[in-house]
Amino acid sequence: MQILAAGMLPSGGRQPHREIAEKTESRYMAADVFRTVAQTGSGYYEEKKSRFLAEIRRVDTEGEMQAFLEEIRKKHYDARHHCFAYVIGERDELTRASDAGEPSGTAGRPILDVLTGAGLHNAGIVVTRYFGGTLLGTGGLSRAYGAAAKDAVEHCLIQENVPCMFWDIQMDYTLLGKVQYFLAQKEIPALDTQYTDRVCMRIALPLQSEKRLRQEMTELTGGQITFAGGTQGMHVF
């Protein structure tokens with residue numbers, strides 16, 4: 001997959017890479033899906049010549065977030081405001097939002113709302129503001145910081161760790177093509193395949209649809225497929 005650079009386009013406009021933007025919406029509705037940032041992204045928003053530059057990154061500890069913030073401060077050393085928010089933990093046990101000198105509630109909170117609204121965990125966003133000479137007011141600031149943060153989310157690559165049941169399936173060679181087509185259509189990963197007297201394959205079925213998918217595979221093969229060794233775990237989609 002090609003990744004769109006998150007900077008300004010030559011025309012001055014911006015557009016998210018379609019495949020990346022689509023990944024900001026989960027295909028899985030289970031509450032325990034762990035969504036995080038797989039590849040960093042940048043966002044941009046401009047209002048009355050004030051420029052808001054956002055960056056999003058995966059952070060697993062507060063120390064990593066602090067290092068991220070310091071990196072942005074050095075990169076944009078001539079800017080006065082580096083506002084940020086982060087969420088860390090499977091249940092967002094650690095959260096923080098900072099207005100970094102902006103009026104209370106106008107920067108950190110809108111950034112945090114973008115993170116939680118996207119269902120992201122272990123992620124942080126820093127938004128740097130370059131003042132354009134015209135005051136935006138509290139409402140204008142909130143909209144601008146939120147818009148820059150949202151643009152960064154739309155330009156990052158999101159990884160979903162989905163609760164799954166792992167099964168070892170076996171079938172005759174005559175069924176292989178039919179099963180492979182089914183797996184491809186349902187976006188079910190084949191983690192390992194071995195060819196002996198029969199085809200042996202390890203697959204990961206999303207927990208929320210695991211029973212239905214097994215039933216469909218059984219019906220597809222006329223009951224000639226076997227499932228063994230079912231174990232629960234997480235898999236990246």
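Kirkwood hydrodynamic radius computed over the stretch 63-208 comes to 18.6 Å, based on all pairs of distinct alpha carbons. On the beta carbon distance between Arg96 and Leu191, with R0 = 41 Å, the FRET formula returns roughly 0.65. Computed from point charges on the beta carbon alone (+1 for Lys and Arg, -1 for Asp and Glu), the dipole magnitude for the stretch 18-155 about its Cα centre is near 460 Debye.
Using only Cα atoms, find the angle between the long axis of helix 137-154 and the longest principal axis of the chain, and express it within 0 to 90 degrees, rounded to the nearest 10. Roughly 30 degrees between the two axes. Phi-derived couplings, Karplus 6.51 cos²θ - 1.76 cosθ + 1.60 at θ = phi - 60°, listed residue by residue for the stretch 202-217: 9, 10, 10, 10, x, 4, 5, 10, 4, 5, 5, 5, 5, 5, 5, 5 Hz, with x used for Gly and Pro. Decide, for the stretch 163-236, between rounded, prolate and oblate: order the square roots of the alpha carbon gyration tensor eigenvalues as a ≥ b ≥ c, take rounded if a/c falls under 1.5, and otherwise choose prolate if a/b is larger than b/c, else oblate. Note, shape of the stretch 163-236 comes out prolate.
Given a 10 angstrom Cα cut-off, can you work out which residue in Asp113, Asp92, Asp78 is the most mobile in a GNM of the chain? Highest fluctuation among the options: Asp78. Distances between placed amide hydrogens fall under 5 Å for Gly132 paired with Ser50, Arg51, all partners being 5 or more residues away or on another chain. With springs connecting C-alpha atoms under 10 Å apart, model the chain as a Gaussian network and identify which of Pro110, Pro163, Pro189 has the largest mean-square fluctuation. Of Pro110, Pro163, Pro189, the Gaussian network model singles out Pro189 as fluctuating most.
Taken together, the values in this text are just the output of simple stated rules run on the coordinates, not laboratory data. Because the structure is predicted, anything quoted here is derived from the model rather than measured. Positions of Cβ are backbone-derived with ideal geometry, glycine not excepted, and every protein chain shown enters the neighbour counts.
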